[in-house]
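Only one structure is covered here, and it is reproduced in the block below.
Every number in this text was worked out from the coordinates using simple rules, so none of it is lab data. Keep in mind that what you see is a predicted model, and the values were worked out from it rather than measured. Don't worry about glycine lacking a Cβ; one is built from the backbone with ideal geometry, like all the others, and counts go over all protein chains shown.
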Amino acid sequence: MKVLAVDPGEKRLGLAISDPTKRIASPLTVLSHVSRRVDAASIAESARQNEAELIVLGKSLDEDGNPTLQSRRTDRLAEAIREQTDVPVIMWDESFSTQDARQARILMGTTRQKRRGHLDALAATVILQSYLDSGANT
């Protein structure tokens, strides 16, 4: 079973996919935000093409664990995805995923100039690896 993860943003959505053993997360692609319905259809199609049996949607919470404006948008995106596919959709805390992705690039020795690019797919990978490492997928 593969797991697809999504790092939803206002401009772009990062996607990551697991290996069939659900141990390793890898960046998949970055989608440009169009509309909730179009984004949901694209995510559902990516899940189908990659034979994912679960979609993990990154949800941001504030420091007290309360929903944010972005997390309410994510809730609406989750509902739109559920309307497009039978693949189960769950929420996963994405707090600090972009910062973790940025730090990973630094640790990999990526030059400052090359680190300027989008971190969306890498942030989705951080979210997915966090989910996989938690054991919640067993």
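Give the residue, chosen from ARG72, ARG37, that is over 15 Å from the mean Cα position of the chain (by Cα) and touching a residue at least 24 places away in the same chain (Cβ under 8 Å). Checking each option against the conditions leaves just ARG37.
Counting the residues of the stretch 38-60 that are in contact with a helix residue (DSSP H, G or I) (Cβ under 6 Å, 6 or more places away or on another chain) and either basic (Lys, Arg) or closer than 22 Å to GLY135 by Cβ (or both) gives 5.
Per-residue answers, yes or no, for (1) of a type in the set (Asp, Glu); (2) in contact (Cβ under 8 Å) with a residue 40 or more places away in the chain:
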site	(1), (2)
SER18	no, yes
LEU31	no, no
GLU51	yes, yes
GLY58	no, yes
